[in-house]
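The values are calculated or read from the model by the stated rules, or taken from the named source; none is laboratory data. If you're wondering where the values come from, they're calculated on a predicted model, not measured in any experiment. A quick note on method: Cβ atoms are made from the backbone with ideal geometry, for glycine too, and the neighbour counts reach across all protein chains shown. Please note that ligands, DNA and RNA were not included when accessible areas were found on the heavy atoms of the full protein model with its side chains. Shrake-Rupley method; radii C 1.70, N 1.55, O 1.52, S 1.80 Å.
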Amino acid sequence: MVKDQPNAPTIFSFRCFCCILFVLSAFSSTISIFYWSQSSAHCYDYSESQIPVLRQNENQPFHLLSFPFAWNHLSFPSKPPSKHLKIALFVKKWPRRFFVGGLERHAFTLHLALAKRGHELHIFTTSSSSPPNASYFNYPLTKNVYFHLSKPSPAGYLDQATVFKQFQRQNFTDKPFDVIHTESVGLMHTRSRNLTNLAVTWHGIAYETIHSDIIQEIMKNPEEQEASSLTERLNKVIEEVKFFPRYAHHVATSNHAGDILQRIYMIPPERVHIILNGVDEDIFKPDLAKGSEFKHKFGIPKSMPLIFGMAGRLVKDKGHPLMFEAIKQIAMENENFQKNTLFVVAGDGPWGVRYRDLGSNVLVLGPLEQIQLAGFYNAIDVFINPTLRAQGLDHTLLEAMLSGKPLMATKLASITGSVIVGEEVGYTFSPTVNSLKEALLRVYGDGKIVLEKKAQVARKRGLKLFTATKMATAYERLFLCISSLQEEKDVDCLYKPELH
């Protein structure tokens, strides 16, 4: 009995957390029903089942801020606009050109694309982002890209007082900023509340992360102590619900996040805009020659029947303990699978060393530059993302899609709601070893002919929704719309579909 007592608070607090979460969800659902009853145009169905209904009236102009789906479904002119904007960007770190990840990769891809389209970019970031400072200018875009560097705060964030002074100085120089963009809380809500021409892009919000916390809690060994992350996360959600409205416009990078911002965070629909992440379609594309060259360079046999690929940070919350155990068990249980498959792992982190211990059918390459990653995707047959992080929209999935590869990923709402929307694109699995093993064996059983068909569908979907051009033109139109609203005009907010 004495040994059982320490576990009682764990069970109690977890149950309490779930009860509170249930009440919060029920409350937000009631509010969402109210919104739906007020205007059917604001009702979210991020499964895309309502897109065909929209197309029935595709020749009718509508206001973009009322569009309830991802803007990636719309067609914006590829030709740069006649009006060039002065844009302020707040981002915690500005990355080196190739070693880019997550939020920084989004900032880099998007804003350099906007600069190429003629807009003037002022980037407010920390001086420690990418030493040495000269590496900021390793690309031919210095004419309309300006960096305003400052020392980070002790916690590593932008020093808000310093960057806001820099911003104000630039805002009163020559001409004011047409639009302000902050990647997550690069610019804190304490500074954003009176900026009506500001848009914030969320790459992950606390409510999404609750799913990850539950997964981590379930996966714990019995002897591990309870983490306080669950109750802490709920407090974080409440905190975010309170301060998110201080940002004028919100960009969600997945359909699921857009839904949460409306239902849970209660942001008015006309202030929530879904623009899915995009990656460089000129780099990530099918290229047999690059795939063959990559195989030759890293000693991958051309005759290998099936090659699985993984890329990214090789850490716990990216699902690599789960992946490690699944590969280990299948190797012991299925000799044919072990002989006829190869797992190629690109990335850095503690699980890289452990993967090497699994034997000859796991090849760990270490971190790769962006150009090398293009060869990596072309050398594999299917891409796996075992992430346990239920937030954002992982760029590696999109890179694999554009490279013409089928996907295999954890069954998380951001992934199944925007990327792997059906079996024709790839495979999903629950975050358990057994479910992951079943998915691996199913891929192995389907074989290359089935995989090639899925690859074609994945590539087609990727070109439709997930290119850097799609993302950049959608953001550009949003920024033009926000700018026109400051002039009490909405000409750039009206969308008229092209006639077919």
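Structure notes:
- Segment 51-68: number of residues that are aromatic (Phe, Trp, Tyr) and modelled with pLDDT of 95 or more: 1
- Any hit, segment 273-289, residues being surrounded by fewer than 23 Cβ atoms within 10 Å (Cβ to Cβ), of a type in the set (Gly, Ala, Ser) and either at positive phi or not in a loop (DSSP other than H, G, I, E, B) (or both): yes
- Looking only at residues in segment 455-490 that are assigned to a helix (DSSP H, G or I) and in contact with a Cys (Cβ under 8 Å, 6 or more places away or on another chain), the one that is surrounded by the most Cβ atoms within 10 Å (Cβ to Cβ) is Cys481.
- Condition met for His250 (under 17 Å from Ala88 (Cα atoms) and touching a Lys or Arg at 6+ places or on another chain (Cβ under 8 Å)): yes
- Residues (assigned to a helix (DSSP H, G or I) and crowded, with 18+ Cβ neighbours inside 10 Å) located in segment 241-258: Val241, Phe244, Asn255, His256, Ala257, Gly258
- Scanning segment 307-319 for residues being open to solvent by 10 Å² or more (accessible area, probe 1.4 Å) and either within 20 Å of Glu452 (Cα to Cα) or touching a Gly at 6+ places or on another chain (Cβ under 7 Å) (or both) gives a total of 5.
- Taking first residues from segment 207-221 that are touching a residue at least 40 places away in the same chain (Cβ under 8 Å) and among the hydrophobic types (A, V, I, L, M, F, W, C) and partners that are assigned to a helix (DSSP H, G or I) and open to solvent by 40 Å² or more (accessible area, probe 1.4 Å), the Cβ contacts under 9 Å between residues at least 6 apart in sequence or on separate chains come to Ile210/Arg233.
- Within segment 419-454, the set of residues being of a type in the set (Gly, Ala, Ser), under 22 Å from the mean Cα position of the chain (by Cα) and surrounded by 19 or more Cβ atoms within 10 Å (Cβ to Cβ) comprises just one member, Gly426.
- Candidate set from segment 77-95 (those that are part of a loop (DSSP other than H, G, I, E, B) and among the hydrophobic types (A, V, I, L, M, F, W, C)); member that is surrounded by the fewest Cβ atoms within 10 Å (Cβ to Cβ): Leu85
- Residue check for His296: within 30 Å of Met401 (Cβ to Cβ), modelled with pLDDT under 95 and part of a helix (DSSP H, G or I): no
- Looking across Leu103, Leu141, Leu149, one residue alone is at pLDDT 85 or above and of a type outside the set (Val, Ile, Thr). It is Leu149.
- The sole residue among Leu187, Leu261, Leu230 that is open to solvent by less than 10 Å² (accessible area, probe 1.4 Å) and at pLDDT below 90 is Leu230.
- Selection status of Ala409, closer than 17 Å to Leu322 by Cβ, open to solvent by less than 10 Å² (accessible area, probe 1.4 Å), of a type in the set (A, V, I, L, M) and modelled with pLDDT under 95: no
- Taking the conditions (1) under 20 Å from Leu436 (Cα atoms); (2) in contact with a strand residue (DSSP E or B) (Cβ under 7 Å, 6 or more places away or on another chain); (3) of a type in the set (Phe, Trp, Tyr) in turn, Phe324 satisfies each one other than (2).
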